[in-house]
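Report on one structure; see the data block that follows.
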Amino acid sequence: MLGTTSRDEKTRIMKRALCTAGILSVITFQTSCMQIETVEAWDRGYLAEDTMQWEPDARSARLKGHVYTSKEASTGGAGAAGGGCGCN
């Protein structure tokens, strides 16, 4: 007969609809929690100061990380591998 669908097909359609609704609700929730805030022109100079940086001196921070990974004799998050002798 025309216009009739089997029970399995109805179940499949319902599962697909619920999955789509779930994905859309998750995306909606994530975008509603997003906060976009711009930095004003007069604040940019303050944020660019050396005291606001994670590591004010990048060169000494890099040397410090190299010495740490060499002495620990482990592979850390810095991407350096090698033994404790320091001869990477």
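Charges only on Cβ, +1 for Lys and Arg, -1 for Asp and Glu: so what's the dipole of the stretch 1-60 about the Cα centre, in debye to the nearest 20?
980 debye
For residue 23 and residue 48, calculate 0.36 nm times their separation in residues minus their Cα-Cα distance, and state this gained length in nm to one decimal. Mind dumping the intermediate values first?
Details: separation 25, 0.36 × 25 = 9.00 nm, distance 3.95 nm.
The residue 23-residue 48 span can extend by a further 5.0 nm.
Can you work out the Karplus-derived ³J(HN,Hα) for every residue in the stretch 26-33? Use 6.51 cos²θ - 1.76 cosθ + 1.60 with θ = phi - 60°, whole Hz, and x for glycine or proline.
For the stretch 26-33, the Karplus-derived couplings read 5, 4, 4, 5, 5, 6, 6, 8 Hz, x marking Gly and Pro.
Would you kindly state how much longer the chain becomes between residue 12 and residue 40 on full extension, computed as 0.36 nm times their sequence separation minus their alpha carbon distance, in nm to one decimal? Numbers along the way, then the final one.
Details: separation 28, 0.36 × 28 = 10.08 nm, distance 5.17 nm.
Residue separation times 0.36 nm, minus the Cα-Cα distance, leaves 4.9 nm.
Between residue 31 and residue 68, how many nm apart are label points set 7 Å from Cα along the C-beta direction?
4.0 nm
Every number in this text was worked out from the coordinates using simple rules, so none of it is lab data. Since the model is a prediction, treat every value here as computed from it, not as a measurement. Cβ sites come from the backbone with ideal geometry, for glycine too, and all protein chains shown count toward neighbours.
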